[in-house]
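Heads up: the structure comes next, in C-alpha cells.
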Amino acid sequence: MVTGLNTDVEYEGRVYHVQTEDKGRDHPVLESLVYCGGEIVGSRRSTYEDIARAASFDEAEVQRRLELQHQALIREVLGGRFDPEGPKPFGYNVITNRSLDEVVLDYLTKEIGLEKIRLELEGHPPLCEGARPVLRLRVVADGSERPVAGAAVLVRLLTTQARPRVLFSGRTDTDGRLEASFELPSLGEESAAVLFQAEADGKNAELKQLVLKAPARPLGPP
C-alpha cells in the first residue's frame with residue numbers, strides 16, 4: 001500500500017520537495033505540500049470520500065489519484081508556478097532552429113502527459129545462458145526525466161528456434177524502479193536475446209541484449 005510519495009525537483013537552481021500523503025480511510029484526504037528552503041510554498045488537498053463510503057473500498061483507485069496529484073504538483077514546479085519571481089514566459093530560454101509551431105507542439109505534448117517513456121537497465125551486466133541474473137530497471141519520462149510509477153515491465157527470451165517466452169513480469173514502484181530476477185536456460189546451438197519491454201499509458205519502450213554462451217568447461221584428464 002502506497003501511503004505517501006516524496007520527490008525532489010530542481011527548477012532554476014532551486015530544489016523543491018514535493019510530498020503527497022494519504023491521511024487514511026477514516027480521514028479520506030490526499031494532501032500535497034511543496035517545500036523550498038524548509039518553507040511550505042504550495043499545497044493541495046483532495047478528498048476520496050466517494051471511495052471511502054463505497055461498499056467495496058478500491059485501494060488501487062486511491063493510489064492512482066495520489067500518484068496523479070503528486071505528478072501534477074511536480075509539473076507545476078517545473079512550470080515555474082512556485083518561482084518567487086513568477087512563472088517565466090513561454091519560450092524565454094528556448095534556443096533552437098525549430099519553428100515556433102514545432103516548439104509549441106512539443107510543449108503541449110508534454111503538458112498533457114504524452115511524453116515518451118524510456119527504459120533503462122542499470123550497469124548493462126552481461127547475460128549468460130544458465131545464469132540467474134537480478135537486474136535493476138528504471139522507467140522515466142523521456143523529456144522531463146520524471147520517474148514513471150506503475151509501468152508494466154516484461155522480460156522475454158527470444159530465440160532462433162522457439163516462440164518468445166516470458167521470463168519475468170512486474171510493475172515499477174513510485175521511483176519508477178523495478179528489480180527483475182529470472183533464470184536464463186541453456187541454449188545449446190541456439191542464439192538468443194533478452195527483450196525488456198515497458199508500457200505506461202499507451203506509451204512503450206524496449207531494450208534488447210544478446211545472451212552469451214556459457215564458457216566451455218575444460219576437459220578433465222584422460
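Since every read-out is calculated from the coordinates, none of them should be taken as a lab result. On a predicted model such as this, the values are computed, not experimentally measured, just so you know. Glycine gets a Cβ as well: all are built from the backbone with ideal geometry, and neighbour counts include every protein chain shown.
Annotation: amide H of Asn204 within the under-5 Å range of Ile117, sequence separation 5 or more or interchain, hydrogens built in the peptide plane.
If I stretch the segment between Ala214 and Asp58 completely, what's the gain in nm (0.36 nm per residue apart, minus their alpha carbon distance), one decimal?
Details: separation 156, 0.36 × 156 = 56.16 nm, distance 4.77 nm.
So the extension gain works out to 51.4 nm.
The magnitude of the dipole of the range 1-71, with charges of +1 and -1 set on the Cβ of Lys/Arg and Asp/Glu and taken from the Cα centre, is near 140 debye. Using the alpha-carbon centroid of each, what span in Å lies between the range 2-72 and the range 139-193? The distance from the Cα centre of the range 2-72 to that of the range 139-193 comes to 30 Å. Sequentially through the range 9-22, phi angles give Karplus couplings (6.51, -1.76, 1.60; θ = phi - 60°) of 10, 9, 9, 6, x, 10, 10, 9, 10, 9, 10, 10, 10, 9 Hz, Gly and Pro residues having no value and appearing as x. Of the GluC sites (Glu not before Pro) found in the range 1-89, those that fall in a DSSP loop while having at most 15 other beta-carbon atoms within 10 Å are Glu12, Glu85. In this simple spin-label approximation, Cys128 and Thr160 carry label points 7 Å from Cα along the Cα→Cβ vector, and these lie 2.2 nm apart. Shown in residue order for the range 150-162 are the 3J(HN,Hα) couplings computed by the Karplus curve 6.51 cos²θ - 1.76 cosθ + 1.60 at θ = phi - 60°: x, 5, 7, 10, 10, 10, 10, 9, 10, 10, 7, 10, 8 Hz (x for Gly and Pro). The slack between Ala193 and Lys116, meaning 0.36 nm per residue of separation minus the straight C-alpha distance, is 25.3 nm. Could you give me the ³J(HN,Hα) list for the range 184-192, computed from phi with Karplus coefficients 6.51, -1.76, 1.60 and θ = phi - 60°, whole Hz, x at Gly and Pro? With coefficients 6.51, -1.76 and 1.60, one gets 9, x, 6, 9, x, 8, 6, 9, 8 Hz.
Among residues other than Arg53 whose Cβ falls under 14 Å from its Cβ, what is the net charge (Lys/Arg +1, Asp/Glu -1)?
-4
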